[in-house]
Every structure is written in structure tokens, then in C-alpha cells.
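Everything on this sheet refers to the single structure shown next.
The values are calculated or read from the model by the stated rules, or taken from the named source; none is laboratory data. Computed from a prediction, not measured in an experiment: that's the story for all the values here. With ideal geometry, Cβ positions are generated from the backbone for all residues, glycine too; neighbour counts draw on all protein chains shown.
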Amino acid sequence: MADASYDVVVIGGGTKSMVTAMYLAKYGGMDVAVFEARHEIGGGISSEEGSAPGFIANPHSAIHFDMYYPTVYEDFPQFKDRGAKYVHPLCGTGGIFKEDHSCLLIYHEEFDPSQERTAKEIARFSKKDADAWLYWWDKWKKIFEPAFVEWLHTPAQPMNSPDAMERAIMRPDSGIEPQWLMMSPIQLFREVFESKELICTLLRANHSLFVKSPDAYGIGMLWFLGSFWYPSACLFIGGTHSIAHALFKCFVEHGGKVFTKCETEKIITENGRAKGIRLKDGREIEAKKLVLSGVNPQQLCLRFLDENLLDPKLIKKIENIENGEGWCITWYDWALHEIPKYKAESFNPDVGQVGWLVLGDRDEKRIIKDHAWMKIGKNPPGGGTMGTCPHSVFDKTRSPEGKHTIKTETECLPATALSEREWLSFKKTHAEDELIQFQEYAPNMTWDNVIGYMPLTSYDSANLLNMQPDGAMASGADVCPSQVGRFRPVPELAGHKTPIQNLYATGSAFYAPDSGGGWQGYTCYRVIAEDFELRKPWEEKGRSY
């Protein structure tokens, strides 16, 4: 006899599974219980007092976009009031070029809805690129953004049924040339733009979203369209864990239950059907209707299910998923007395108000070179190509009055590439490298300005079960042509269903690309709603998704 029984048992309280759980509780009318191994829910949507007392850091997900939670805001009107409030930076992204400390800034659409202001900045380097940016911004707003949002929130379509993005690309007025779908990011950007400044800025900004080398074929279109996300960048007030708090509150208000420090040992099956879970402490939890997994596909298929329950071909595919192949990233959070004072302020004084600022140069192949170092098992010399976000400039709750906190990001090796002792040494030397690199752009970024810092490397990330063993940001599946959309993480699991009846799966490694948003949780609910004939809020509210 089970120790407890619920309609739905959820493995893991990450962002995506929490979104599905909310919908199942409110719109499905089900009794839902979430079992989380950690001391709190949220997964990568986390914040903590890290770099120094009173300074809030985001150890994982940092920069967000307006398209991350549109259905949740509409279907759960209390979501914002429960803490999911965000602010827009003046500029979504931008880059500084150390050769002469000029800079190129891309303004947020709240402050520059037509992108004419951005075009003027681009025109300082290339009038042709300024015109191209406005041309593609118009295409983005009229064609691609609506299609992209629909694609993100619509379950994976079969191969013979074009999805929203494929339909948009095939439109005669899309402006897309067929060969672009096969191109690498650097190829495509060079074809559309001419200035090294715009190309370098967009390559590095998109690297933070998709973390593949810019010379990888087949992902150019994803990077190109990703460039137009940045004018909708946002930061959540109080840290990204505010989202987790809001999800939790909405969930329990509709009867949901959360149990932390409850790690799952196995999924209990009977005659090919999921019946519940067994926790590590031996308790068995019955699922009267379904089990929902929020963990990565490797844990789900290789740990929680017995091997004889799955087709050997599927197991082979799961084992072959690319996940942090040869590279990962570092995120360092810095507590500062004063915000960086950039030399580039003389070129554009708004450079200190950029959501994701690239500290780089005019070398279009810089990131490719960094990846080449990592492919041979070496961290890039000098710390890699840096991106940075001054959180406290936009959100005063992140630091004590008069002080500041910023985040920096560079590339690094996977957790398994170095020993524990080597990682401990790396953390210190890398901090030194980052400050040396930072001082080239902002001379006040010395140790005298630093109150404290929190280093997060792939080694630290790998301590989270969903990011083992290499600490890869995508939590189970990189974003590459064979692992996006209807192929993510593998075709057999892209539709959120599994070979086990009434066992569903969601998470960052599932359908669509990786993100800090709630897409995968929403599309998973849509699949379950069809199977169990539950309420469909998209139909009730007249949405196409």
C-alpha cells in the first residue's frame, strides 16, 4: 500500500514542471504533488545572497525576455502580484570594442519601439547595416515574432506538418533565403551585415543564449532571429527566484502540494503504465492518473526507469545526446562599491545601462578561437570573451543602497575536464583574469572596488542533478540542429510523451530550445489536456496557442 496518493505526482520542482503542475491544478482540477530533491523549488530559476551579505546573485538563469511567460501571465492573473515583476534595461545588448573603446548599443523596444535610435547607433559604423537592421526588425515584428511565440507554445508537430516557424520562413515575403537554414551563425551574419562591430556584438550576445561555436552549421537562423530577442530583454525584480516564488504561490493557491528534500529513486511501473514513484527514503507515492518528470532525459531514461522498459534504440539516442560537448560557461557575481565606469562612455554615455554588454573586440572569429582551445582541453587564455550584466543598475533590490552587483560570463571547460583541486585553483586565477580583462574597458574595476565575488563554474553547476556530469547550461541537451524543435531532446520524447503510458516529461532539455522560460511546461500541459480531456485555456481565451 502506498504511503501517499495523488492524482498527479511530479518529479522535480524546476520551472517547467512547476508550470505544468500549476495548469494541472487549476485547469485540470487535479490533486497534484511535487517532490523536489533540493531544499527549495525553482531549479535554474534561483537567486541567493552570494557575493557578499546583502547582495543578491543569480547563480544560473539571469537575463530573461518578455516572451518567456506570456501564457502564465494571462492564465494566472495573480502571477505578477505574487512576485513575478520585471524591469526593462535601457539597452537590451551591446558591445564595446577595445581597439578604440567605441561601442554599439541595441536599445530596448520599450524605449525604442521603432528601433530608429538603435539604427542611428549602428549607422555610426555602417549605414547599410542600419538599414538592414530596420528591415529585419520590421520582418521580426510582423512575421517572425508572432510565429516564434506560437511555435514556442505549441506542442511539437509531426514531420509532415509544418510548424509556425516553418510556415513563416516559407512565406514569400519572409526575406529568408533557403540556404540560410544550413549556414553557421558567422556565415549568415556576414551575408546580412557588413560591419565587424554589429557582427561581433550579435555573435557574442547570441552565444549567451545558445552557447555553441559560431562556426557550427545549421544554427545560423536560430542565432539570427535570436538577435531580435534582445530588444525585449528583462530582469526580474528581486532576482530570478522571484519567478519561482510566484509559481509556488500560484500552485499552492490552487491546491498543489510541494515536498522538498524528497529525492526520487525510481518510477514505479506496472504493465507498461506509470503508477507512482519510490523516494530515496523508501516511501512510495501513488499517482492515480499520471506521473510528470521534470528532470533531464538522461535521469529519466537511464536512472528512474529500468532499462528493459525502453527500446535499446531509444536508450542509445539518450546516451548520444550532446550536452556541454567540450565547453560550458562561468558565471561570476561581483559585489562592488561602484558600478564599472567604461571608457566607452565618451562614445555613448548609455553604455552603463545595457542588459547584456559584450566586452570584446572586432575579431569576428574570437569566440571560434575560444572554442578551439576548449576542444583541446584548455580554457581560453585570458579568461575568454566576456559578457556582463549590471543587475543593480536596473533593480535596486539586488544590493545595499549605494553599492552594486554585476554578473560576468565567459566560456570554460566542462566539469569533468579538471579535478576538484584544479577547479579550486581555476576559480581564483579566473577572477584575476576577469578583473584584468575588465580593467581594459573600465579602469575602476580593481580589487579596491570589489567587496566580494561568487564564482560559479561548470564544476559548481554539476552539483545540480539536472546539470550532471558536465555542468552544461542547457540541463541535458545542447541547442544544435538535431536537438531543437520536434527533435528535442530526441524525436521520441519531443512531444512530452514517453513509451510508458501516463508518464510525461518536460524540462529545459525538451521541446523548443533551451531557456529560462515556461514554454516547455505549457506545451506539456497542452499534450496532457488533450489526452485527459482537460480544460483548454487557449481555446477559452481565443488564443492560437
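Considering only residues that are part of a helix (DSSP H, G or I) and within 27 Å of the chain's Cα centre (by Cα), which ones fall in region 406-428? A415, T416, A417, E420, W423, L424, F426, K427, K428, listed by residue number. If the condition is being among the basic types (K, R) and crowded, with 19+ Cβ neighbours inside 10 Å, then region 511-538 contributes only R526. Flag not set for T154, criterion: of a type in the set (V, I, T), touching a strand residue (DSSP E or B) at 6+ places or on another chain (Cβ under 9 Å) and either in a helix (DSSP H, G or I) or in contact (Cβ under 8 Å) with a residue 60 or more places away in the chain (or both). Residues in region 490-545 that are of a type in the set (S, T, Y), at pLDDT 95 or above and farther than 30 Å from A62 by Cβ: T498 alone. Evaluated against (1) under 23 Å from L359 (Cα atoms); (2) modelled with pLDDT of 95 or more, P113 falls short on exactly one condition, (1). When restricted to residues that are surrounded by fewer than 19 Cβ atoms within 10 Å (Cβ to Cβ) and under 27 Å from P414 (Cβ atoms), region 178-207 contains 1. Scanning region 50-67 for residues that are at pLDDT 90 or above and surrounded by fewer than 24 Cβ atoms within 10 Å (Cβ to Cβ) gives A52, P53, G54, I56, H64, F65, D66, M67. For beta carbons closer than 9 Å, sequence separation of 6+ or different chains, a first residue in region 381-392 that is in a loop (DSSP other than H, G, I, E, B) and a second that is of a type in the set (A, V, I, L, M, F, W, C) and buried (at least 24 other Cβ atoms within 10 Å of the Cβ), the qualifying pairs are G384/I367; G384/C412; T385/V358; T385/L359; T385/I367; P390/V354; P390/L357; P390/I406. Once region 443-464 is narrowed to residues that are at pLDDT below 90 and under 17 Å from the mean Cα position of the chain (by Cα), the residue that is surrounded by the most Cβ atoms within 10 Å (Cβ to Cβ) is S461. Please verify whether region 268-277 includes one or more residues that are within 26 Å of the chain's Cα centre (by Cα) and modelled with pLDDT of 95 or more. Scanning region 268-277, I find no residue that is within 26 Å of the chain's Cα centre (by Cα) and modelled with pLDDT of 95 or more, so the answer is no. Taking region 165-219 as the range and being touching a His at 6+ places or on another chain (Cβ under 9 Å) and either of a type in the set (D, E, K, R) or free of Cβ contacts under 8 Å to residues at least 24 places away in the same chain (or both) as the test, the residues that pass are K212, D215.
Only one of the numbered conditions (1) surrounded by fewer than 23 Cβ atoms within 10 Å (Cβ to Cβ); (2) not in a strand (DSSP E or B) is violated by G28, and that is (1).
For region 301-321, the set of residues classified as touching a helix residue (DSSP H, G or I) at 6+ places or on another chain (Cβ under 8 Å) and assigned to a loop (DSSP other than H, G, I, E, B) consists of L310, I321, listed by residue number.
On the basis of being surrounded by fewer than 16 Cβ atoms within 10 Å (Cβ to Cβ) and among the aromatic types (F, W, Y), does W423 make the cut? No: the conditions fail for W423. For region 1-25, name all the residues that are part of a strand (DSSP E or B), within 22 Å of the chain's Cα centre (by Cα) and of a type in the set (A, V, I, L, M, F, W, C). Result: V10, I11. Annotation: of all residues in region 324-341 being touching a Pro at 6+ places or on another chain (Cβ under 9 Å) and not in a strand (DSSP E or B), the one that is nearest to G54 (Cα to Cα) is I339. Considering the conditions (1) without any contact (Cβ under 8 Å) to a residue 60 or more places away in the chain; (2) buried (at least 19 other Cβ atoms within 10 Å of the Cβ); (3) within 23 Å of F65 (Cβ to Cβ), A130 is excluded by exactly one of them, (3).
Here's the yes/no breakdown for (1) over 19 Å from P214 (Cβ atoms); (2) surrounded by fewer than 20 Cβ atoms within 10 Å (Cβ to Cβ); (3) of a type outside the set (S, T, N, Q):
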{"position": "K341", "(1), (2), (3)": "yes, yes, yes"}
{"position": "A344", "(1), (2), (3)": "yes, no, yes"}
{"position": "D363", "(1), (2), (3)": "no, yes, yes"}
{"position": "I368", "(1), (2), (3)": "no, yes, yes"}
{"position": "N379", "(1), (2), (3)": "no, no, no"}
{"position": "G383", "(1), (2), (3)": "no, no, yes"}
{"position": "K396", "(1), (2), (3)": "yes, yes, yes"}
{"position": "H404", "(1), (2), (3)": "yes, no, yes"}
{"position": "L413", "(1), (2), (3)": "no, no, yes"}
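If you go through region 249-298 and keep only what is of a type in the set (D, E) and either buried (at least 20 other Cβ atoms within 10 Å of the Cβ) or part of a strand (DSSP E or B) (or both), you end up with E265, E270, E284, E286.
The set of residues in region 529-545 that are in a helix (DSSP H, G or I) and in contact (Cβ under 8 Å) with a residue 60 or more places away in the chain comprises A529, F532, P537, W538. Among the conditions (1) out of contact with any Pro (no Cβ under 6 Å at 6 or more places or on another chain); (2) among the hydroxyl-bearing types (S, T, Y); (3) farther than 25 Å from V351 by Cβ; (4) free of Cβ contacts under 8 Å to residues at least 60 places away in the same chain, the only one that T457 does not satisfy is (4).
When you look at E110, is it without any contact (Cβ under 8 Å) to a residue 60 or more places away in the chain and under 24 Å from the mean Cα position of the chain (by Cα), yes or no? Answer is yes for this residue.
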